[in-house]
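Notes follow once the structure below has been shown.
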Ligand code: SAH
């Protein structure tokens with residue numbers, strides 16, 4: 001068994017069960033890509049069994065903090081069983097569920113989403129890459145399903161020195177699927193869609209948007225960064241008079257249009273724009289347009305803390321425009337899925353946007369990732385998605 005020895009004082013985070021070992025903490029030792037190594041303190045005390053990532057800044061990711069644990073297929077199968085059991089207890093209101101959420105489920109670098117009877121997995125660390133076949137077999141065993149599609153094309157794979165891989169890993173079948181979420185249906189393509197095909201993490205935010213629409217009777221709704229129209233369909237389900245959806249991806253906008261029809265809503269209640277959000281918001285402002293509700297769900301603008309400053313300016317800009325475009329009493333649903341921007345900083349950015357816009361608003365709700373995307377106590381990095389529901393003062 002190979003060993004990775006840490007510098008003095010660098011054992012603290014592992015003792016708190018944080019699963020990452022950064023390259024700067026390593027005194028000596030290591031292993032091949034994905035190989036299980038014994039992590040020990042400078043004086044030889046056992047800290048964790050971990051998977052080695054020789055070329056990554058995150059040099060190792062802990063599998064277990066128990067010295068007697070063997071890292072093998074039985075161990076991985078049990079982790080998968082625990083993850084799936086947790087989701088069963090959550091009774092998610094959808095047949096699209098995140099079954100495995102990486103570090104938060106003790107499986108660093110592995111994401112598995114279930115869409116009906118199809119599984120989609122993303123392997124983004126050397127550890128899970130090395131165990132891919134065992135994990136694929138175990139996933140079928142634990143879920144009783146027989147179709148598993150691989151979407152290992154996330155950019156984070158390059159940080160681990162891994163090439164992109166996509167395609168059926170087990171079984172085969174259509175990649176165009178229809179997901180049932182709350183009271184609506186959403187079509188997606190697991191082969192070409194973003195992430196594993198859909199943004200399951202915003203499920204509860206979409207339900208909240210539908211509920212607010214029902215309660216306040218929004219007439220004009222603007223869904224910015226709509227992707228395939230999840231919030232669009234939610235607002236229509238809540239009874240919105242008209243929903244305008246903007247996304248710069250042509251295929252996403254086409255699918256959003258399709259999703260409206262799929263749910264039987266009158267397409268006359270919708271406008272779709274294949275356009276840049278920032279430019280569109282400026283144009284609306286110049287035209288004197290106003291909305292009763294606006295959704296701002298931009299892509300990850302700050303993947304890490306290093307990008308936070310530039311991203312903060314971009315968030316502030318769109319939120320200022322969003323607040324200016326709201327009718328008095330209107331509601332802004334604003335999100336950030338940037339790991340590099342925490343809840344407090346996001347609040348501060350949006351507060352700054354309100355001050356610049358000369359708009360006073362009350363925080364009437366807070367949103368976060370749906371519970372099948374859990375965060376563990378030891379891994380605060382797991383909390384990436386945050387949202388504020390703001391009501392413009394009358
Ligand atoms: N709210 C969506 C998810 C949004 S993901 C849901 O519930 O499913 C972010 C989206 O922003 C992507 O679809 C991406 O195509 C789009 N996007 C990125 N940059 C953009 C820009 N400058 N203008 C418009 N859309 C953009």
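For residue 381 and residue 344 in one chain, what is 0.36 nm times their gap in residues minus the Cα-Cα distance, to one decimal in nm?
11.9 nm
Taking each pair of distinct Cα atoms in the stretch 102-257 once, what is the resulting Kirkwood hydrodynamic radius in Å?
About 16.9 Å, per the Kirkwood formula over Cα pairs.
Any idea what the alpha-carbon Rg over 2.2 N^0.38 Å comes to for the stretch 238-361?
That ratio works out to 1.12.
Which FRET efficiency value, to the nearest 0.05, is calculated for residue 168 and residue 32 with the Förster distance at 35 angstrom and r the Cβ-Cβ distance?
0.80
Enter the angle in degrees (range 0 to 90, nearest 10) between the Cα long axis of helix 203-216 and the first principal axis of the Cα atoms of the chain, meaning the one along which they spread out most.
20
Take the alpha-carbon centre of the stretch 47-110, take the same for the stretch 233-284, and report the distance between them in whole Å.
The stretch 47-110 and the stretch 233-284 have Cα centres separated by 37 Å.
Checking a compactness column here: for the stretch 1-149, what do you get for Rg(Cα) / (2.2 N^0.38 Å), N being the number of residues?
Against the compact-globule rule of thumb, the ratio is 1.09.
Does a label point 7 Å from the Cα of residue 269, set along Cα-to-beta-carbon, have any residues of the stretch 275-310 with amide nitrogen under 19 Å, and which are they?
291-295, by backbone N distance to the label point.
Kindly provide the Kirkwood hydrodynamic radius of the chain in Å, to one decimal, from all pairs of distinct alpha carbon atoms.
Mean inverse Cα-Cα distance, inverted, gives 22.2 Å.
Could you check what % of the DSSP bridge pairs in the chain are antiparallel, to the nearest 5?
65
Rounded if a/c is under 1.5, else prolate if a/b beats b/c, else oblate: with a ≥ b ≥ c from the C-alpha gyration tensor eigenvalues square-rooted, which is the stretch 141-209?
Because a/c hits 1.5 or more and a/b fails to exceed b/c, the stretch 141-209 counts as oblate.
Running a GNM on the chain with Cα contacts under 10 Å, which residue among 37, 84, 359 ends up with the highest mean-square fluctuation?
Per the Cα network of the chain with a 10 Å cutoff, 359 tops the list.
How much length is gained on full extension from residue 211 to residue 355, taking 0.36 nm per residue of separation minus their Cα-Cα distance?
Fully extending the segment from residue 211 to residue 355 adds 49.0 nm.
Normalising by the residue count of the chain, find the relative contact order in percent from Cα pairs under 8 Å and 6+ residues apart.
That works out to 11 percent.
Treat the count of other C-beta atoms within 10 Å as a stand-in for reagent exposure and order 345, 107, 163 from fewest to most.
Taking fewest neighbouring Cβ atoms as first place, the list is 163, 345, 107.
Among 85, 187, 50, which one moves the most in a GNM of the chain with springs linking Cα atoms closer than 10 Å?
85
Could you work out how much longer the chain between residue 66 and residue 1 gets when fully extended? Use 0.36 nm per residue separation minus the Cα distance between them, nm to one decimal.
Once the chain is fully extended between residue 66 and residue 1, it gains 21.8 nm.
Pull out a ≥ b ≥ c, the square roots of the eigenvalues of the alpha-carbon gyration tensor of the stretch 313-357, then state rounded if a/c is under 1.5, prolate if not and a/b is larger than b/c, and oblate in the remaining case.
Prolate is the answer for the stretch 313-357, as a/c is 1.5 or above and a/b outweighs b/c.
Can you work out the FRET efficiency for the pair residue 73 and residue 45, with r the C-beta to C-beta distance and R0 = 22 Å, to the nearest 0.05?
It comes to 0.20.
What FRET efficiency do you get for residue 146 and residue 309 if R0 is 35 Å and r is their Cβ-Cβ distance, rounded to the nearest 0.05?
0.15
What residue among 236, 326, 140 shows peak mean-square fluctuation when the chain is described by a Gaussian network model with Cα springs under 10 Å?
Per the Cα network of the chain with a 10 Å cutoff, 140 tops the list.
All of the numbers you see were taken from the coordinates with simple rules; none came from a lab. Not measured: the values here are computed from a predicted model. No Cβ is skipped: glycine too gets one built from the backbone with ideal geometry, and neighbour counts run over all protein chains shown.
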